[in-house]
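The values are calculated or read from the model by the stated rules, or taken from the named source; none is laboratory data. Remember, it's a predicted structure, so these values are computed and weren't measured experimentally. Heads up, the Cβs are rebuilt from the backbone with ideal geometry, glycines too, and the neighbour counts pull from every protein chain shown.
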Amino acid sequence: MNKTKVLHVANMVGGVEICVRQIINNIDNSKIESLIASQCLKEKEELLSNDKMQIKSFKISITRNVNLFRDLICLLQLLRIIHLEKPSLIHAHSAKAGFLCRILSNFTKTKVFYTPHAFSFLSANNKFLKNLYLIIERLSISKNTILIATSKSEQNLAIEKVGYKRNKTILLNNSIKIKTTPKSKSRFTNNLDNYICTVARPSFQKNLKMMVNAFKIVSEKDNNIQLFIIGAGEYSPQKQQLQSQISKMNLEDRITVLPWIPREEVQKILITSKLYVSTSLYEGLPYSVLESMRYKIPSVLTNTFGNRDLLVNNKTGFLVELNDVQDMAEKILILINDKPKRKIFGENAKKLLYDKYNFNDYIFKLTNLYTTSFKY
């Protein structure tokens, strides 16, 4: 049987990296041959197929932000890769990769599966850029492209805001592979057991100013609670602002900011956290919340795209309106102080994960999409 050759194109950072790694590590390579085109991966963990074989990788000049010179180089690099490898289809992860690959599909006629992992126009912090990015998204819709949405919110945005036809979108909720529970505690928490956490790089999207403001209120009501912010790594444009805010509020001994650490270490921190918190302005479908659900950790999340898809309010956690600092603090305090409620919410969260975000179902459906891509 001929394999379906899938070229993944991605900037391997954060949730996008988790997604691509999970696909390549677990998809059946007797049916699917995986290739990756990304930034330099030398500093990262080796990418292996499901039979532990190294996959073919290509270095490209992909960047998160707009850079006309590097974007043009990246286009030429991708064109060469497509010409040499002749993939059956391209799976483009994130807005930048999606834009570049959709341009090329008009010339190469290669089928493109595009997963935004949150549309670029959501990341714009002013009206001009928001409208510009939205126009670019609309103009780059091509007949060779199928949009694979990570959440119902993302699919609705694609149809109602961007202008995709419903039959050109497919909903495939993000999922997480359930591994064994870590047995040792994290070296970062120093045996603490009274803390809450978030996985969020300091950036516009993650809205950490709200997080720190809410935690200030929480810390005044609970003298021992700690906050861990994980993910100040490769792309953290607001790291200095975050550290400055923490210092001004005299919270240096209560808030720990960690870099991007191995996923196993993140899991060790999650598993003994009292709850998970997110103040994001938008999400695709956040893996950190999925992982929290796996460990029966309830969440307090902002009521935004992606977050609201994962939480049943007052059943698996609490939804809080964007930038309502007082309500965020109150909901955190409720769960910190009510152990029975935390336990019930946590059990409900784990059940929801197994019922709706089953990883084996995800891989089965994605494999079927890849092998039948000619139908779309």
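I'd like to know if segment 121-139 contains one or more residues that are more than 21 Å from the chain's Cα centre (by Cα) and touching a residue at least 24 places away in the same chain (Cβ under 8 Å). Yes: segment 121-139 contains one or more residues that are more than 21 Å from the chain's Cα centre (by Cα) and touching a residue at least 24 places away in the same chain (Cβ under 8 Å). When segment 255-299 is filtered for residues that are over 25 Å from N125 (Cβ atoms), of a type in the set (V, I, T) and within 16 Å of the chain's Cα centre (by Cα), the ones remaining, listed by number, are I261, V266.
Applying the condition of being part of a helix (DSSP H, G or I) and out of contact with any Leu (no Cβ under 9 Å at 6 or more places or on another chain) to segment 6-27 and asking which residue is surrounded by the fewest Cβ atoms within 10 Å (Cβ to Cβ) yields N26.
Please find, among Y164, Y114, Y133, the residue that is closer than 25 Å to Y362 by Cβ and not in a strand (DSSP E or B). Reasoning before the result, please.
Working: Y114 fails: not in a strand (DSSP E or B); Y133 fails: closer than 25 Å to Y362 by Cβ.
Just a single option satisfies the conditions, and that option is Y164.
Test E283 against the stated conditions and say whether it is over 17 Å from K206 (Cβ atoms), modelled with pLDDT of 95 or more and among the acidic types (D, E). Even if it seems obvious, please write down each step before you answer.
Details: over 17 Å from K206 (Cβ atoms): no; modelled with pLDDT of 95 or more: yes; among the acidic types (D, E): yes.
So E283 does not fit the description; no.
Of the candidates K185, K209, the single residue that is touching a helix residue (DSSP H, G or I) at 6+ places or on another chain (Cβ under 7 Å) and in a helix (DSSP H, G or I) is K209.
Yes or no: I261 modelled with pLDDT under 95 and either at negative phi or assigned by TED's automatic domain parsing to the domain that holds F119 (or both)? Yes; evaluated as a whole, the condition is true for this residue.
The rows are residues; the columns are (1) touching a strand residue (DSSP E or B) at 6+ places or on another chain (Cβ under 6 Å); (2) assigned by TED's automatic domain parsing to the domain that holds R80; (3) at pLDDT below 95.
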{"residue": "L122", "(1), (2), (3)": "no, yes, yes"}
{"residue": "K127", "(1), (2), (3)": "no, yes, yes"}
{"residue": "S140", "(1), (2), (3)": "no, yes, yes"}
{"residue": "L147", "(1), (2), (3)": "yes, yes, no"}
{"residue": "E160", "(1), (2), (3)": "no, yes, no"}
{"residue": "Y164", "(1), (2), (3)": "yes, yes, no"}
{"residue": "S186", "(1), (2), (3)": "no, no, yes"}
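Annotation for segment 61-73: at least one member residue is in contact (Cβ under 8 Å) with a residue 24 or more places away in the chain, surrounded by fewer than 22 Cβ atoms within 10 Å (Cβ to Cβ), assigned to a helix (DSSP H, G or I) and out of contact with any Phe, Trp or Tyr (no Cβ under 6 Å at 6 or more places or on another chain).
Residue-by-condition table, conditions (1) among the charged types (D, E, K, R); (2) surrounded by fewer than 20 Cβ atoms within 10 Å (Cβ to Cβ); (3) under 22 Å from E283 (Cβ atoms):
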| position | (1), (2), (3) |
| --- | --- |
| K109 | yes, yes, no |
| T115 | no, no, yes |
| L122 | no, no, yes |
| L129 | no, yes, yes |
| A149 | no, no, yes |
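Here E234 passes the criteria (1) assigned to a loop (DSSP other than H, G, I, E, B); (2) without any contact (Cβ under 8 Å) to a residue 24 or more places away in the chain except the one numbered (2).
Among the residues of segment 258-291, those that are touching a Gly at 6+ places or on another chain (Cβ under 9 Å) and either farther than 22 Å from K356 by Cα or assigned to a loop (DSSP other than H, G, I, E, B) (or both) comprise L258, P259, W260, I261, V266, L275, S280, Y282, E283, G284, L285, P286.
Confirm whether N323 is within 30 Å of L157 (Cβ to Cβ) and either aliphatic (A, V, I, L, M) or without any contact (Cβ under 8 Å) to a residue 24 or more places away in the chain (or both). Write out each step before concluding.
Values: within 30 Å of L157 (Cβ to Cβ): yes; either aliphatic (A, V, I, L, M) or without any contact (Cβ under 8 Å) to a residue 24 or more places away in the chain (or both): no.
Considered against the rule, which asks whether it is within 30 Å of L157 (Cβ to Cβ) and either aliphatic (A, V, I, L, M) or without any contact (Cβ under 8 Å) to a residue 24 or more places away in the chain (or both), N323 comes out as no.
Just the residues that are more than 18 Å from A158 (Cβ to Cβ) and assigned to a helix (DSSP H, G or I), please, taken from segment 76-99. Residues satisfying the conditions are L76, Q77, L78, L79, R80, I81, I82, H83, L84, E85. When V212, V199 are checked against the criterion of being farther than 23 Å from M12 by Cα, at pLDDT 95 or above and either outside the structural domain of Y287 (by TED's automatic domain parsing) or in contact with a Leu (Cβ under 9 Å, 6 or more places away or on another chain) (or both), V212 stands alone in meeting it.
Residue by residue, here is whether (1) under 29 Å from V212 (Cα atoms); (2) modelled with pLDDT of 95 or more; (3) in a helix (DSSP H, G or I) holds:
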site: T304; (1), (2), (3): yes, yes, no
site: D309; (1), (2), (3): yes, yes, yes
site: L322; (1), (2), (3): yes, yes, no
site: P340; (1), (2), (3): yes, yes, yes
site: K343; (1), (2), (3): yes, yes, yes
site: D355; (1), (2), (3): no, no, yes
site: N360; (1), (2), (3): no, no, yes
site: N368; (1), (2), (3): no, yes, yes
